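Worksheet: one structure, shown below.
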Amino acid sequence: MGFFQKIKSKLGIGGVKIQIDMPGQISIAEGIVKGKFTLTSKSDQEIKSMEVKLIERYTTGRGDNEDTKEFTLGSQKFDAQSVIKTGEQQVHAYNFPFELLKSSNDELAEKGGAMGKIGKLGKFAKNEKSEYVVEVNVDVKAAAIDPSEEVDVKLV
């Protein structure tokens, strides 16, 4: 392997690319994340492991006081080592459960009545927002910066 090829591999240039294929909505009642992802590569690469996660990005506050926290709601790991050859496609299906986290204001809002109104007012006052993404991370042996990809999803 040439000098420039080693540098390209370390930086992930021409390495493993990830394509996520899944619906844009996930059913809260079902509590399962389903889909698949496809790996392709422009050079031979050794894959050590892969992981798919459903992540909630929970934001509160406004302006300079805005604070964002990330929570992993569910995940699936693929520990089997493999090699992806130049031009090859590998398709991996995932299917894992998740558990939704609720803030105290969410819990109050669900109660309805006067308590529900207090919960909704609290959510508005704190400017609580949640965004959800499905993220795929691939641990490539030769890469210093491992490839990852994410797609926005809605929980319904």
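The values are calculated or read from the model by the stated rules, or taken from the named source; none is laboratory data. Nothing here was measured: the structure is a model prediction, and the numbers come from that model. Cβ placement follows ideal geometry from the backbone for every residue including glycine, while neighbour counts extend to all protein chains displayed.
Every test in (1) under 18 Å from the mean Cα position of the chain (by Cα); (2) modelled with pLDDT under 90; (3) loosely packed, with under 13 Cβ neighbours inside 10 Å is passed by residue 130 save one, and that test is (3). Among the conditions (1) in a strand (DSSP E or B); (2) modelled with pLDDT under 90, residue 47 misses just one, which is (2). Residues of the stretch 5-31 that are hydrophobic (A, V, I, L, M, F, W, C), modelled with pLDDT of 90 or more and farther than 12 Å from residue 134 by Cα: 18, 28, 29. The set of residues from the stretch 51-84 being touching a Phe, Trp or Tyr at 6+ places or on another chain (Cβ under 6 Å) and more than 18 Å from residue 97 (Cβ to Cβ) comprises just one member, 69.
Here is a yes/no grid of residues against (1) in contact with a Gly (Cβ under 7 Å, 6 or more places away or on another chain); (2) assigned to a strand (DSSP E or B):
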| site | (1), (2) |
| --- | --- |
| 35 | no, yes |
| 54 | yes, yes |
| 59 | no, yes |
| 64 | no, no |
| 74 | no, yes |
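Within the stretch 66-98, the set of residues being closer than 14 Å to residue 129 by Cβ and either surrounded by 13 or more Cβ atoms within 10 Å (Cβ to Cβ) or of a type outside the set (Val, Ile, Thr) (or both) comprises 66, 67, 69, 70, 71.
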